[in-house]
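Scroll down for the structure; my scribbles are underneath it.
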Amino acid sequence: MQVEGVLVLEDILSKKSPEVTELVDEINKIRKVDNERHLDLACDLFDMAQERGNDDLKDFASCILGDACCQNGDYSQALYYLSAGLQGLAQTDEYLLACLCYNELGIIFRSECHYITSEEHFINCIELARAQRLYGAEANACTNFASLCKEMASPERALEYNYRAIECCAYMEDGLQKSSVMAGNYACIFNIYCEMGKQANAEDAYKELEKVMAECPACEKYFDIILAKYHYYRMIGDEKRAEETLNDTLAAFFCCDDYYTYFDEIKDLLQILLEEKQYETLEKMFIRIAETSIRGDVSNLNLFVCNCKIQMYEELGDEQKKLQCAYDYFKYSQQQSIDNKRAFLTTLRLRSELVQQRTRNLFLSAAAETDPLTGIANRLKLNSVIDELFDMANKEGKNLGVEMMDVDSFKHINDSYGHDMGDKLLAAIGRVLKKIVSDNIFVARYGGDEFIIYYYDMSDEEIVEKAKFIQNEIDAVSKKLELERVTLSQGVVNHIPQHGNRAWDYMNSADYALYFVKKHGKANVRLIHKRVDLEKEEWKKVF
């Protein structure tokens, strides 16, 4: 059994405008009631967020739309919108919605057989929910993770999280949701102990399940609970009641509209019927699964059904149907490969876009405090920017480049042409540096005639090209201001942060590289990866 959670937004409604609040209220009312209407309203909220341009609202709306896509079985779109919104949402206090997104992403990645990524998202949900005491969300994620552990042949770990889900129920309000979680997990625990051959433990789990059913009779109608009862009667040798309960289980199956929620139970039931050679019933189940509007991109369910068909037709000796099912299995395997690549590229692209957005916001914030003469950022924000970029580069495994640059013989220019001309030159340099500003490049005046440039996720060659561009532009500035050729000395360090590195290491290394250029003729660029390169590596001059 897998559970997706319940969306409750009471804690964040006050942060939204009345128009948004009204729309969110309507979405909450129809969630899991009218999926098409849910999707329409979520699209309206998303469009509203794009129009208003508020980043927090965009992230929030993207997650709401991702949830709606998930409820409608469109996992491809759900993956995109949930991933796009979650990174920003996770930085806010909208913890419950973040838990919902983590949980649904775990379900999606499991459906596409990305088991490690699925595990990561379930664990993220569990940890966030536990930290914020969101016991309902934690119980749901623990239930889903336990199901994944069982599929991965780790019954002990599955039991650990089934029991953890039940522990969460002690802090939940009494009601159907609490009873459903408890019943579902006790049913899973019972089944696991049965498979492990631990009958005494299985009987204890079933007794607890009976207590829940006595308090909440509605749970007895759930597909997973009826199936657990079947296994119980088989275990105690009551074949008559087992047969009756199997019929009840089949009736529950044919009334079910969402087979993926009960993915584990469907697999179990198919296996039971295969063992009992109830081929006519299996044929009806296969037809029902094909006819029902289940999620077409659920690779692991489709592959399992095909595998069951192959086993059945092999037993029946129907080679033609067996070959057809083998071909279908091949097609689903191919589709799974395509889906895996799509999911990888989607998350990779989103990761890149989110990093760019983060650097863009960081640079815009820092550039707000500008140097009045050059029009670029002043040194007040340099430390905070380099610290943030260092953390990002360290986490993402990206290159971080730091350049220190100054004007050669600037004192001579001031003495020969006057301080007004010196100021004009500095202002012109500021305009040149503005031309290279991007999502990956931040520029600032360090003081006097010194400037700092930060490069994020750029190669050595790309940085050298920027250095050439700057000097070429300054050559044009020299002519325009009718100065003798103005040259720059540029010292750059560029590498992925290593163990023991600190942000200030980059500044020091760039300063040493600048000093090296000054000492060896000026008017050039020296790019290094670490300070010892200045002593060990031959300098290939750029100019």
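The values are calculated or read from the model by the stated rules, or taken from the named source; none is laboratory data. Since we're looking at a predicted model, the values are computed, not measured. Here the Cβ positions follow ideal geometry from the backbone for every residue, glycine too, while neighbour counts run over all protein chains shown.
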Worksheet item: Filtering the range 22-57 down to residues that are touching a Gly at 6+ places or on another chain (Cβ under 9 Å) and under 23 Å from residue 92 (Cβ atoms), which residue is surrounded by the most Cβ atoms within 10 Å (Cβ to Cβ)?
Response: 42
Practice prompt. With a cut-off of at least 3 residues that are free of Cβ contacts under 8 Å to residues at least 12 places away in the same chain and surrounded by fewer than 21 Cβ atoms within 10 Å (Cβ to Cβ), name the helices (runs of 4 or more DSSP H) lying wholly within the range 76-190.
Written response: 115-131, 155-169
Response to the item:
Requiring at least 1 residues that are at pLDDT below 90 and closer than 30 Å to residue 321 by Cβ, the helices (runs of 4 or more DSSP H) wholly within the range 191-307 are 223-236, 239-255, 263-275, 279-291
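Let's see how each residue does on (1) touching a Cys at 6+ places or on another chain (Cβ under 7 Å); (2) within 24 Å of residue 56 (Cβ to Cβ):
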| position | (1), (2) |
| --- | --- |
| 74 | no, no |
| 92 | no, yes |
| 100 | no, yes |
| 103 | yes, yes |
| 122 | no, no |
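If you take the residues of the range 461-477 that are of a type outside the set (A, V, I, L, M, F, W, C) and touching a Ser or Thr at 6+ places or on another chain (Cβ under 9 Å), which of them is surrounded by the fewest Cβ atoms within 10 Å (Cβ to Cβ)?
Narrowing the range 461-477 to residues of a type outside the set (A, V, I, L, M, F, W, C): 461-462, 465-466, 468, 471-473, 475.
Right, trim to touching a Ser or Thr at 6+ places or on another chain (Cβ under 9 Å) and you get 471, 475.
Details: 471: 20, 475: 13.
So the residue we want is 475.
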Response to the item:
Picked from the range 191-227 (must be touching a residue at least 40 places away in the same chain (Cβ under 8 Å) and among the charged types (D, E, K, R)), the residue nearest to residue 245 (Cα to Cα) is 224
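Give the number of residues within the range 467-488 that are part of a helix (DSSP H, G or I) and closer than 11 Å to residue 405 by Cβ.
Going through the range 467-488, the residues part of a helix (DSSP H, G or I) turn out to be 467-480.
From what is left, the residues that are closer than 11 Å to residue 405 by Cβ are 467, 470-471, 474.
Residues in the range 467-488 being part of a helix (DSSP H, G or I) and closer than 11 Å to residue 405 by Cβ: 4 in total.
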Worksheet item: With respect to the numbered conditions (1) in contact (Cβ under 8 Å) with a residue 24 or more places away in the chain; (2) touching a helix residue (DSSP H, G or I) at 6+ places or on another chain (Cβ under 8 Å), which one is the sole condition not fulfilled by residue 414?
Response: (1)
Worksheet item: When residues of the range 499-528 are filtered for being assigned to a loop (DSSP other than H, G, I, E, B) and touching a residue at least 60 places away in the same chain (Cβ under 8 Å), how many remain?
Response: 4
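Starting from residues that are of a type in the set (Gly, Ala, Ser) and in contact (Cβ under 8 Å) with a residue 60 or more places away in the chain, keep the ones in the range 453-498 and report whichever is nearest to residue 511 (Cα to Cα).
Step one: of the range 453-498, the residues of a type in the set (Gly, Ala, Ser) are 459, 467, 476, 478, 489, 491.
Checking the rest, the ones that are also in contact (Cβ under 8 Å) with a residue 60 or more places away in the chain come to 459, 467, 489, 491.
On the way: 459: 20, 467: 16, 489: 11, 491: 7 Å.
Across the range 453-498, the extreme among qualifying residues is 491.
Let's see how each residue does on (1) within 44 Å of the chain's Cα centre (by Cα); (2) among the polar types (S, T, N, Q); (3) surrounded by 18 or more Cβ atoms within 10 Å (Cβ to Cβ):
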position: 480; (1), (2), (3): no, no, no
position: 497; (1), (2), (3): yes, no, yes
position: 508; (1), (2), (3): yes, yes, no
position: 526; (1), (2), (3): yes, no, yes
Fill in: Among residues of the range 415-463, those that are assigned to a loop (DSSP other than H, G, I, E, B), within 43 Å of the chain's Cα centre (by Cα) and either on the phi < 0 side of the Ramachandran plot or modelled with pLDDT of 95 or more (or both), counted
7
